[in-house]
Structure formats: structure tokens, C-alpha cells
1. Under 24 Å between alpha carbons: how many lysine pairs meet that in the chain, if sequence neighbours fewer than 8 apart on the same chain are excluded?
2. 222 nm [θ] for the chain, helices only, -39500 (n - 2.57) per DSSP H run of 4+, per residue, to 500?
3. Which FRET efficiency value, to the nearest 0.05, is calculated for Ala93 and Asp140 with the Förster distance at 41 angstrom and r the Cβ-Cβ distance?
4. Work out, step by step, the length gained on full extension between Asp158 and Asp40: first 0.36 nm times the residue separation, then minus their alpha carbon distance; give nm to one decimal.
5. Please turn the phi angles of region 109-117 into ³J(HN,Hα) values with the Karplus equation 6.51 cos²θ - 1.76 cosθ + 1.60 (θ = phi - 60°), one per residue in order, whole Hz, x for glycine and proline.
6. To the nearest 20 debye, what charge dipole does region 113-186 have about its Cα centre, counting +1 at the Cβ of each Lys and Arg and -1 at the Cβ of each Asp and Glu?
7. Between Thr75 and Ile201, what is 0.36 nm times their sequence separation minus the Cα-Cα distance? Round to one decimal in nm.
8. What list of ³J(HN,Hα) values in whole Hz, one per residue of region 70-87 in order, does the Karplus curve 6.51 cos²θ - 1.76 cosθ + 1.60 (θ = phi - 60°) give from phi, with Gly and Pro shown as x?
Amino acid sequence: MLDTHHGPRPDAAAQAAARGPIMEIDRLNLWYDDKHALKDVCFDLHRGEVLAFIGPSGCGKTTALKCLNRMHEGTRGVRIEGTILLDGQDIHAAEVDPPLLRRRFGWVAQKPNPFVMTVWDNVAYGARLHGLVRNRAELDDLVEDCLRRADLWDEVKDRMHKLDGTELSGGQQQRLCIARALSTRPEILLMDEPTGSIDPIATAHVEELMMDLRTDHTVVVVTHSMMQARRVADRVAYFHLGELLELGPTEALFTAARNHRARAFIEGRFG
């Protein structure tokens with residue numbers, strides 16, 4: 001069970017909005033060949049918030065999530081129109097370097113995917129690749145900090161140079177993947193159903209991490225769990241057949257959704 005001090009913060013959505021958007025998405029459209037998968041999607045992403053994407057399967061949640069860091073780049077048959085601004089800059093502008101852009105994001109997938117290497121090497125990988133540290137001492141400090149922030153340090157600190165990441169339990173593997181995502185010092189964490197393949201106890205652990213991480217990061221999470229969205233999110237966005245039909249503070253949307261499809265989905269009448 002989650003601690004009572006966790007959960008959406010009072011007036012969190014208003015507080016995040018007051019800090020201004022870190023991303024602005026305007027009239028985003030995406031096609032997979034002839035399939036119109038996203039239709040005029042518009043929203044702002046606020047600094048220091050947890051924003052949850054909900055909606056039926058195949059409604060565009062993960063597609064929208066991948067647009068934020070240009071993960072669709074190079075995918076055959078994909079065409080994107082619209083504007084996505086990060087700190088006021090168009091992420092598709094000619095002067096934007098995609099690898100440098102993606103470094104500002106951390107990605108956590110539904111199924112834990114640790115590298116076949118030690119726990120320490122898993123977390124150190126991104127920082128080494130991008131040259132983010134000057135020496136081994138700084139790298140050790142970074143690995144420890146990321147493992148602590150992912151609440152995994154105490155469980156692996158004595159074995160992290162010998163234990164392979166794939167030998168951990170499912171929940172531990174997902175926390176390792178979160179630590180790895182944090183190692184490149186991202187501003188925004190994109191999480192695609194991060195608890196979809198782990199047990200309830202591990203799920204509670206990851207949910208607490210999501211809420212703790214919003215102190216220093218903006219988090220966007222795709223979830224099929226209405227209970228999870230209500231527990232962790234400051235705002236919720238409801239997608240339906242490629243359209244973003246409603247977005248608002250979590251409690252407002254769960255108790256008084258204006259859109260009838262959003263209301264029916266939240267009440268479990270379809271989906």
C-alpha cells in the first residue's frame with residue numbers, strides 16, 4: 001500500500017502551470033502510411049508534473065509519447081505534422097541534433113530491458129557514451145546517486161560489480177532501468193506502461209518513484225490503470241481514436257469529466 005504522503009499534491013496542476021511549460025504541442029498529426037494515428041493533438045507539458053496518458057488500447061497514447069523525443073525518427077511510413085516545442089525551440093528544426101535532443105529525455109519501457117552486463121555497467125553506460133563525467137570517481141558517484149534515486153542502492157550495492165542486471169527480479173530490473181534512464185541527467189522521463197509487466201508490490205514501488213522524481217523531473221506516463229493514474233498523476237490526458245479529448249487536473253477529470261467518452265471510460269463502461 002502506498003504511503004499516505006504520496007499521491008497527487010493539492011493544487012499541483014496549478015503550481016506546475018505557474019512554472020510555465022517545458023513543452024508545447026500544437027496540432028500534432030501523425031500517419032502510419034494511410035492510417036491517421038494522431039489527429040490535431042494539442043497540450044502543454046508543465047515543469048515538475050506527472051502527466052498521465054489514458055485511453056483504450058490503440059488510441060494513440062504511446063504514439064504521442066514517442067513524438068516527444070522524436071522516437072519515430074526513421075520509422076518507415078511515418079509522417080508527422082504540427083509543432084512540438086521544447087523550451088520554446090521546435091524539436092524538428094534543422095539545427096536540432098536528434099541524439100542531443102533525446103539525451104534530455106529518459107525512456108522507461110513496459111517490459112524491463114536491462115543490458116546483459118553488471119548492474120554498475122547498466123547505469124554507467126549512458127554517462128560513458130555521452131562523456132558526461134570526467135573520471136572514474138565521478139562515474140562511481142553518478143551510479144550511486146542514480147541507484148539511490150531509483151531506490152535500488154541498498155539491494156545491490158555489495159554486488160553491483162558482479163551481479164548481472166538480468167539476474168534481478170522483475171521489479172528490481174525495472175528500477176534498474178529507471179536508474180539507467182536517470183544516468184544521462186534527463187529533464188523529462190517518458191514511461192510507457194512502466195508497471196505493465198511487474199507484480200503489485202513492485203508496482204507500488206515504481207509508483208512511489210514516479211512521484212518522488214517529479215521534484216527534479218517532468219514525468220509523462222502511459223498507463224492502462226485508472227487507479228494508477230489517479231494515484232500518481234497531477235494531470236490526466238484522455239485519448240480516443242487518435243484524438244486528445246480531455247486534459248485536466250486528475251481529481252477534476254476523475255470526478256467530473258466533461259467529455260462523455262472520457263467519463264464512460266473512467267467509469268469502466270467501455271475500453
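1. Numbers: Lys35/Lys61; Lys35/Lys66; Lys39/Lys61; Lys39/Lys66; Lys61/Lys111; Lys66/Lys111; Lys111/Lys157; Lys111/Lys162.
Here the count comes out as 8.
2. Numbers: 11 runs with 97 residues, N = 271.
After summing the helix terms and dividing by the residues of the chain, the value is -10000 deg cm²/dmol.
3. Working: r = 37 Å, r/R0 = 0.91.
Efficiency for this residue pair is about 0.65.
4. Values: separation 118, 0.36 × 118 = 42.48 nm, distance 5.06 nm.
Extra length available between Asp158 and Asp40 comes to 37.4 nm.
5. 8, 5, 9, x, 9, x, 6, 7, 7
6. On the way: 11 positive and 12 negative charges, 49 e Å.
The calculated dipole for region 113-186 is roughly 240 debye.
7. On the way: separation 126, 0.36 × 126 = 45.36 nm, distance 3.60 nm.
Separation in residues times 0.36 nm, less the Cα-Cα distance, equals 41.8 nm.
8. Karplus values, whole Hz, x for Gly and Pro: 6, 6, 7, 3, x, 6, 4, x, 8, 10, 10, 10, x, 10, 10, 9, 10, 6.
No lab work stands behind these numbers, since they all come straight from the coordinates. For clarity, every value in this text was computed on a predicted model and none was experimentally measured. Cβ: placed from backbone, ideal geometry, glycine included. Neighbour counts: every protein chain shown.
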